[in-house]
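These notes are about the structure you will find just below.
Derivation of every value follows stated rules applied to the coordinates shown; laboratory data play no part. It should be emphasised that the depicted structure is a prediction, and the values quoted were computed from it without experimental measurement. Positions of Cβ are backbone-derived with ideal geometry, glycine not excepted, and every protein chain shown enters the neighbour counts.
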Amino acid sequence: MPGLIGKKIGMTSVFSADGKNVPCTVIEAGPCVVTQVKTKEVDGYDAYQLAFGEAKEKRTTKPLMGIFKKAGTTPKRHLAEFKFEEEYNLGDTITVEIFNDSSFVDVTGTSKGKGFQGVMKRHGFGGVGQQTHGQDDRARKPGSIGACSYPAKVFKGMRMAGQMGGDRVTTKNLRVLKVIPEHNLILVKGSVAGCIGSTVLIQK
C-alpha cells in the first residue's frame, strides 16, 4: 500500500467544525526519497524503497552508501518499502501531499517499553484469593497455570509475567484531520504507538 516514513512529533487537540475538541497526533511525514525501485522481473515483486531522516556518512555502511549515491541523495537513517500505483524514478521525492485525498490511514510504530511486568499490569488479571484471612503473599499472583495430571504441561502462549512493551503495533483506520504540506505534517485522530521522536510508518 502507498505510504511514507515519518516521525511522531507529539499529541495535541484541535476543534472540529461542530465545535468538539478532538485529540490528535502530529506526525512529520516525509519528505522521503526513492532509493530503490524493485521490479517483478529482477526482485520478484514491485515496490519502492523510501529513505527518511538524515544520517552521518561515517555511521553508514558502504553498501548503503552505494545505494544512496546511485539515487543521488545524502545518507538517510530509515528505510522502508511501499507499493505505489503511481510510477516514480530513482531519486524522486515523495511528500505528505499523497495523503491529501485520504480520509483514513494506518500507522505502525514501536510501543513504549515497560520492562518486566507482572500479570496484573501486563494482562489485566484481577488477582487471586481474598485480601484478608491471613494470606499476604498471593494478592498479585497469576494463580493456577493449568498443569495437572493431564496434559501434564503448560500450553504455549499462557499469559504470564514477562517483558511488556517494545512491540510493533499497527493502529488502523485513524481519521486524517489535517494535512499541512508546507511543514510536512499530518494530523490523525487519536493516539499512535511510540514515544515522541520515534519512527512510524503511515499507510493509506
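For this structure, a couple of remarks:
- Estimated FRET transfer efficiency (GLU54, HIS133; beta-carbon r; R0 41 Å; 0.05): 0.05
- For the chain, calculated [θ]222 nm from helices alone, where every DSSP H run of n ≥ 4 adds -39500 (n - 2.57): -2000 deg cm²/dmol
- Matching label, volume of the Cα convex hull per residue in Å³ computed from the structure shown, candidates (i) 219; (ii) 120; (iii) 129: (i)
- Among the GluC sites (Glu not before Pro) in region 66-132, those placed in a DSSP loop whose Cβ has at most 14 other Cβ atoms within 10 Å are GLU85, GLU86, GLU87.
- Cβ-Cβ distance of ARG175 and ARG77, R₀ of 25 Å, FRET efficiency by 1/(1 + (r/R0)^6): the value works out to about 0.30.
- Relative contact order (percent, whole number), the chain, Cα cutoff 8 Å, 6+ residue spacing: 31
- Anisotropy class assigned to region 51-104 is prolate, per the alpha carbon gyration tensor with a/c at or over the 1.5 cut-off and a/b larger than b/c.
- Based on Cα contacts under 8 Å between residues 6+ apart, region 112-201 shows a relative contact order of 29 percent.
- Take every Cα pair under 8 Å whose residues are at least 6 apart in sequence, average their separation, divide by the length of region 1-119, and the relative contact order is 27 percent.
- Tilt relative to the chain, helix 62-71 - C-alpha long axis, 0 to 90 degrees, to 10: 50
- Estimated inter-spin distance, THR95 and ALA152, nm [label 7 Å along Cα→Cβ]: 6.9
- Scattering curve values for region 23-121, log₁₀ I(q)/I(0), Debye with Cα scatterers, q = 0.16 Å⁻¹: -0.82
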